[in-house]
Amino acid sequence: MASISLKNIVKNYGKTSVVKNIDLEIEDGEFVVLVGPSGCGKSTTLRMIAGLEQASSGDIVIGDKVMNDIEPQHRNIAMVFQNYALYPHKSVRENIVFALRRLKVDEQELQRRLVEISEMLQLEELLDRKPADLSGGQRQRVAMGRAIIRDADVFLFDEPLSNLDAKLRGHMRTEIGKIHNKFGRTSVYVTHDQIEAMTLADKVVVLHDGYIAQAGTPMEIYLDPVNIFVAQFIGSPSMNIVDATLHNDYLQLGEHKLPRNKLSAVSFDDEIPSEGQPVKVGIRPDFFNDKKYFTQSDSSFIFEAMTIELVEPMGFDKEVLFNLAGASIKARLDLRSDVKRGEKLDLLIDLSRVLLFDTNSELRL
Amino acid sequence: MLGKRTIKGRIGFAFAVVMLVCFSLLPFAQILSTSLKHQFDWGNPSLIPQALNLNAYKELLGLTEVKKVEIPVAIQKILDNPKLPQDKKDAIAAKYVANDNLFPFGKYMLNSIMFSVGAAFISLIFAVMGAYAISRLRFKGQVVIQRSVLFVYMVGGVLLMVPLYQMAMNIGLASTMWGSVVCLFLIYIVQTLPVGMYMLGNYFRGIPFALEEAAMMDGCSRTEAIIKVVLPLSLPMLATVFIYCFIIGWNEYLFASVFLKQYPEFHTLPLALQELFVSKNAIWDRIMAASMLTLAPIVVCFLFASRFMKGGKTDGGVKG
């Protein structure tokens with residue numbers, strides 16, 4: 001059990017800088033998910049924690065020990081690799097107990113742990129097989145078993161589910177959540193899948209271009225993104241961004257005028273509200289509602305008679321596409337709306353969920 | 001194109017294969033056949049001996065009783081001369097009694113095994129280290145080394161023989177028996193190392209690095225990761241490289257003939273065979289039997305090693 005702290009971590013490969021400056025505190029027992037698009041430095045950061053890459057500068061502290069120059073094998077970290085990295089010449093059993101054998105763990109204790117882990121991951125039947133005889137999901141479970149059987153201070157997961165099909169991914173995600181609840185070890189999990197990030201994390205760290213764009217609880221990231229990048233990266237379908245103009249009393253969004261005093265998610269300090277300033281408006285598709293099925297409140301605003309251009313039924317909910325102020329906007333409506341393509345629909349939003357971003361810096365206002 | 005095979009095509013193909021196999025195997029059949037024939041049978045073109053003759057093998061393997069050599073009558077008369085000093089008599093007698101027609105096959109074989117297995121083993125160890133370095137580590141001049149490795153192999157042995165011998169003379173190695181032996185070892189290692197490194201290097205590149213990283217996360221040092229993960233997975237290629245080096249050493253004649261000329265106790269089988277061909281013992285069945293016995297270890301070695309050569313060992317370790 002250990003906390004991790006990354007202090008001004010930089011990683012350069014020759015002249016290209018992959019991780020530019022990362023400062024992060026991970027508490028003991030916390031489940032932190034590093035999320036971001038390809039090439040944002042999330043895997044590199046994880047590998048630096050593991051010791052598989054050396055940071056160009058900065059300190060990595062695990063527990064109370066500076067780990068910069070400590071070899072991976074002495075860091076007491078367990079890791080699950082994206083491509084599983086099982087030892088092909090060893091049976092499942094030997095794969096799982098490999099680390100324990102190396103540590104010369106007492107045979108009885110070793111067997112006890114093996115039984116416990118293989119029961120938990122339903123591997124009992126597979127113990128004598130070789131990795132080549134397993135399916136993708138089974139291999140994934142063996143890789144998990146190999147990591148969690150150890151008494152490691154920290155668990156690292158490098159996109160562990162990205163090679164599984166959608167159904168299995170969902171299942172294993174739940175399993176990883178359960179395992180974390182059971183063992184409560186400090187875990188760092190890298191993914192580009194924002195659903196994994198949202199569901200598993202105590203803390204989500206969104207990386208962008210080698211920097212931390214935002215770190216916070218999943219709900220903070222979802223409701224209070226600091227900039228357009230985070231707002232669009234987290235949430236599916238991603239947030240609608242529309243150009244608008246800010247006036248003294250209202251926000252001009254196409255032909256719609258949204259009362260400015262009700263935009264409670266926006267903090268207007270004195271400098272911003274100059275008359276006619278262009279801004280970007282962010283509205284999540286999930287916050288649109290069909291007016292028919294929703295009671296209006298004080299902070300509601302209604303976009304009247306929007307022409308629905310496309311309907312994508314998803315089962316319980318459906319995504320509809322319409323045009324607002326020249327942009328194509330997605331809204332997610334629930335089962336009850338039976339709107340068809342080409343029909344007109346009144347859509348309701350809660351103004352307290354409307355976010356504004358600066359046009360140039362793309363930062364939240 | 002459906003790849004449909006006609007009967008004619010199949011027969012033609014089978015015939016071609018049989019011809020090719022026969023062409024490759026006939027010399028060996030000839031060796032075996034001649035080694036088993038009696039003298040009267042040598043002119044017979046048939047591969048099957050009319051009567052089986054195992055004497056040559058027995059003789060070579062030292063299974064026959066030592067023949068008592070009769071001293072010719074004329075010589076006996078000289079020996080009986082009372083005026084001749086005893087030491088002269090002994091010298092003359094020794095010349096005729098000495099069993100120098102016997103071919104100490106076992107000794108030559110041990111020498112050959114020592115040189116070829118020893119050199120192959122050392123070469124393999126260096127090849128593993130070198131191959132790992134050029135395939136996994138990043139260092140200055142890596143590409144140059146990687147490409148120039150094979151260059152050594154392109155230079156023929158004959159070209160280097162004289163300079164190498166001169167160098168060995170200059171540093172004084174070639175003037176002693178053990179020095180010459182060491183020289184020959186070095187030459188065999190240097191000769192086989194490039195190809196060994198090249199083959200292993202390519203094989204190592206095919207083993208995902210993630211496996212080593214996994215071993216390191218499981219508490220292994222890099223060296224341990226190599227020993228516990230990379231080497232077991234490379235067994236087929238290790239066996240191949242070992243056999244390659246072994247065969248080169250086993251069949252090598254040129255350098256052995258130069259460096260070991262003066263040291264008959266270290267003569268290897270190719271050297272001994274060459275001497276057998278030109279000696280007064282050059283009898284067909286014996287030459288062929290010696291050739292057969294020289295061939296045998298290679299065949300045995302290959303059969304043994306082919307157990308390790310099953311491919312696809314790295315399957316299933318990683319995905320994607």
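The values are calculated or read from the model by the stated rules, or taken from the named source; none is laboratory data. Note that the structure is a prediction, hence the values are computed from the model and not measured. Every residue, glycine among them, receives a Cβ derived from its backbone with ideal geometry; neighbour counts consider all protein chains shown. The accessibility values were calculated without ligands, DNA or RNA, using every heavy atom of the protein model including side chains. Shrake-Rupley method; radii C 1.70, N 1.55, O 1.52, S 1.80 Å.
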Out of A:Leu363, A:Leu321, A:Leu356, sole residue that is surrounded by fewer than 20 Cβ atoms within 10 Å (Cβ to Cβ) and farther than 18 Å from A:Lys291 by Cα: A:Leu363
Checked against (1) surrounded by 15 or more Cβ atoms within 10 Å (Cβ to Cβ); (2) at the interface with chain B (Cβ under 10 Å from one of its Cβ atoms); (3) within 24 Å of the chain's Cα centre (by Cα), A:Lys130 satisfies every condition except (3)
Check on A:Ile349, surrounded by 12 or more Cβ atoms within 10 Å (Cβ to Cβ), touching a residue at least 24 places away in the same chain (Cβ under 8 Å) and touching a Ser or Thr at 6+ places or on another chain (Cβ under 9 Å): yes
Could you tell me whether A:Arg150 is crowded, with 22+ Cβ neighbours inside 10 Å, away from chain B (no Cβ under 11 Å) and in contact (Cβ under 8 Å) with a residue 24 or more places away in the chain? no
Just the residues that are under 21 Å from B:Cys245 (Cβ atoms) and either part of a loop (DSSP other than H, G, I, E, B) or touching a residue at least 24 places away in the same chain (Cβ under 8 Å) (or both), please, taken from the range B:169-184. B:Ser180, B:Val181, B:Cys183, B:Leu184
Within the range A:125-135, is even one residue within 26 Å of A:Pro72 (Cβ to Cβ), without any contact (Cβ under 8 Å) to a residue 40 or more places away in the chain and in a helix (DSSP H, G or I)? no
Total residues in the range A:62-78, condition more than 11 Å from every other protein chain (Cβ to nearest Cβ) and at positive phi: 1
Among residues belonging to the range B:271-293 that are under 22 Å from B:Tyr188 (Cβ atoms) and free of Cβ contacts under 8 Å to residues at least 40 places away in the same chain, point out the one that is nearest to the chain's Cα centre (by Cα). B:Leu273
Among the numbered conditions (1) farther than 30 Å from B:Ile207 by Cα; (2) of a type in the set (A, V, I, L, M, F, W, C); (3) open to solvent by less than 90 Å² (accessible area, probe 1.4 Å); (4) touching a residue at least 40 places away in the same chain (Cβ under 8 Å), tell me where B:Leu160 comes up short. (4)
Take A:Tyr211 and tell me if it is in contact with a strand residue (DSSP E or B) (Cβ under 8 Å, 6 or more places away or on another chain), open to solvent by 10 Å² or more (accessible area, probe 1.4 Å), in contact (Cβ under 8 Å) with a residue 12 or more places away in the chain and not acidic (Asp, Glu). yes
So A:Val320, is it among the hydrophobic types (A, V, I, L, M, F, W, C) and not in a strand (DSSP E or B): no
Give the number of residues within the range B:209-242 that are at pLDDT below 90 and either within 18 Å of the chain's Cα centre (by Cα) or not assigned by TED's automatic domain parsing to the domain that holds B:Ala120 (or both). 2
For the range A:45-53, check the following and say yes or no: at least one residue is crowded, with 21+ Cβ neighbours inside 10 Å, farther than 21 Å from A:Asp209 by Cβ, of a type in the set (Ser, Thr, Tyr) and under 25 Å from the mean Cα position of the chain (by Cα). no
So, of the residues in the range A:6-19 that are over 20 Å from the mean Cα position of the chain (by Cα) and in contact (Cβ under 8 Å) with a residue 24 or more places away in the chain, which turns out to be surrounded by the most Cβ atoms within 10 Å (Cβ to Cβ)? A:Ile9
Is it true that A:Phe229 is crowded, with 17+ Cβ neighbours inside 10 Å, touching a Pro at 6+ places or on another chain (Cβ under 8 Å) and of a type in the set (A, V, I, L, M, F, W, C)? no
Give the residue that is nearest to A:Ile77 (Cα to Cα), with candidates limited to residues of the range A:36-51 that are assigned to a loop (DSSP other than H, G, I, E, B) and away from chain B (no Cβ under 12 Å). A:Gly41
Taking only the range B:133-154 into account, find how many residues are at pLDDT below 80 and surrounded by 10 or more Cβ atoms within 10 Å (Cβ to Cβ). 3
Quick check, is A:Val242 part of a strand (DSSP E or B) and at pLDDT 90 or above? yes
Cβ-Cβ under 8 Å, sequence separation 6+ or interchain: first residue in the range B:49-60 and β-branched (Val, Ile, Thr), partner surrounded by 16 or more Cβ atoms within 10 Å (Cβ to Cβ). Which pairs? none
Might you let me know whether the range A:296-318 holds any residue that is in contact (Cβ under 8 Å) with a residue 60 or more places away in the chain and surrounded by 18 or more Cβ atoms within 10 Å (Cβ to Cβ)? no
Do we have A:Leu121 as modelled with pLDDT of 90 or more and in contact with a Lys or Arg (Cβ under 9 Å, 6 or more places away or on another chain) here? no
Looking at the range B:259-267, is at least one residue among the hydrophobic types (A, V, I, L, M, F, W, C), modelled with pLDDT under 90 and touching a His at 6+ places or on another chain (Cβ under 8 Å)? yes
Among the numbered criteria (1) in contact with a Cys (Cβ under 8 Å, 6 or more places away or on another chain); (2) farther than 23 Å from A:Leu6 by Cα, which one does A:Ser236 miss? (1)
From the set of residues in the range B:204-250 that are open to solvent by 10 Å² or more (accessible area, probe 1.4 Å) and of a type in the set (Ser, Thr, Tyr), which is nearest to the other protein chains (Cβ to nearest Cβ)? B:Ser221
If we keep only residues of the range A:79-124 that are within 14 Å of chain B (Cβ to nearest Cβ), of a type in the set (S, T, N, Q) and part of a loop (DSSP other than H, G, I, E, B), then the residue least open to solvent (accessible area, probe 1.4 Å) is A:Ser91
